[in-house]
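A short write-up of the structure that comes next.
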Amino acid sequence: MENKEELKEKLLSLLIRETSLSAASEALELSAYETLGLVKDIQDSGVNIVVNVKDDDAYLINQGDIKFQDKNTYEFITNKNNEFKFVLISDTRLGSTYQQLSILNDIYRKAYEMGYSNVIHCGNISNGLYGSSDPYNETCFLPDTQRQIDYIVNNYPKISGIRTYFITGKLDDKHLKDKKVNIGKRIAELRDDMVYLGENSCYTKVDNSRMNIMGCSLSKSYTVSYRMQQQVDSYRSEDKPDILLMGGLLQMEKFTYRNVNCISVPSVCATTKKMNDKRYSNTVGAWFVTVKTNKYGKLDSVTAICSPYYVTSKDDYKSAKVLKLENKKGGK
């Protein structure tokens, strides 16, 4: 007998298109009453399932989580020294057999020891979804949306006083596309220390300086800086941010182009089979960043210290422990 979570996941897969209650009940081998109970549980979790009665049956339509139509915005505040300090990471890909939760924990421990209170995650917090015929399906040890949400909520590092701001990336978007579930929104609802900034990008302010946080949905290029240069080239002069943070490129690079401070964010996962097949290099690590503004709130400087990891652990997903700490140091 399938458990309730498995039944809910199966029901959501049926509701990719409009489905009658009788057909859904037959597929689930449940009574109509039991199926409607599952529908209520899914609705309570935030999924917009509409039930319409027509003729002698009811019809279920999953309208899912709605994508943001406007630009996402957020404002960060500098400290008394006109500084905003944060740790910068991307591509944790939790749910993958190549995830490196031990390294992620170590990055948060360093943040704790150094007194940082902000972490910015530039997308692909999850491993996304793979179809049963996908050659990389076997690299996902959490094959469905709800399991990945639960795993991230329960296993992502948690230190009191440290807040994680994150966008969802190309891999995370598979949950919205295939299951109509915005996992970023769900994770933030269940973790008060994690702030969801939006899908693929977020425009932010640090005092009166502009910072664009985004993930790259394009394939890697033959030069390290090319994708970020493309993005900067797409800005009109009046729209250019002062800082561009880009995840999804699996690389660690900092440079200035058209007067935009560009930082390419490395991954926190081991080199996957897909990366190997596509000949992608994969840099693992984090940036420790200090943004300083002047007395008018305009950008004065951006300092970024790289923290690379040269060795990853095989089967780390089987042995890594959950990191939860009480922060008694206070944050920067």
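Observations on the model:
- Residues located in the stretch 120-132, provided they are touching a Phe, Trp or Tyr at 6+ places or on another chain (Cβ under 9 Å) and surrounded by fewer than 23 Cβ atoms within 10 Å (Cβ to Cβ): 130
- Qualifying residue in the stretch 222-239 (condition: closer than 18 Å to residue 85 by Cα and touching a residue at least 40 places away in the same chain (Cβ under 8 Å)): no
- Taken over the stretch 60-96, the criterion of being over 22 Å from the mean Cα position of the chain (by Cα), at pLDDT below 95, open to solvent by less than 50 Å² (accessible area, probe 1.4 Å) and among the charged types (D, E, K, R) is satisfied by no residue.
- Single residue of the stretch 170-194 satisfying the filter (out of contact with any helix residue (DSSP H, G or I) (no Cβ under 6 Å at 6 or more places or on another chain) and among the hydrophobic types (A, V, I, L, M, F, W, C)) that is farthest from residue 301 (Cα to Cα): 176
- Residue list for the stretch 14-44, restricted to those being in contact (Cβ under 8 Å) with a residue 40 or more places away in the chain and exposed (fewer than 14 other Cβ atoms within 10 Å of the Cβ): 16, 18
- Residue that is modelled with the lowest pLDDT, among those in the stretch 315-331 that are in contact with a Phe, Trp or Tyr (Cβ under 9 Å, 6 or more places away or on another chain) and open to solvent by 100 Å² or more (accessible area, probe 1.4 Å): 329
- Candidate set: the stretch 257-280, residues that are in contact (Cβ under 8 Å) with a residue 40 or more places away in the chain and out of contact with any strand residue (DSSP E or B) (no Cβ under 6 Å at 6 or more places or on another chain); chosen: the one farthest from residue 101 (Cα to Cα): 278
- Cβ separations smaller than 7 Å between residues 6+ apart or across chains give the following pairs from the stretch 97-120 residues that are touching a residue at least 40 places away in the same chain (Cβ under 8 Å) to residues that are open to solvent by less than 10 Å² (accessible area, probe 1.4 Å) and among the charged types (D, E, K, R): 99/316; 100/316; 101/316; 102/316.
- Scanning the stretch 268-303 for residues that are part of a loop (DSSP other than H, G, I, E, B) and among the aromatic types (Phe, Trp, Tyr) yields 280, 296.
The values are calculated or read from the model by the stated rules, or taken from the named source; none is laboratory data. Predicted model, so just to flag it, every value in this text is computed and none were measured. Here Cβ is always computed from backbone atoms with ideal geometry, including for glycine, and neighbour counts include all displayed protein chains. For the accessible areas, the whole protein counts, side chains as well, though only heavy atoms, and no ligand, DNA or RNA atoms are used. Shrake-Rupley method; radii C 1.70, N 1.55, O 1.52, S 1.80 Å.
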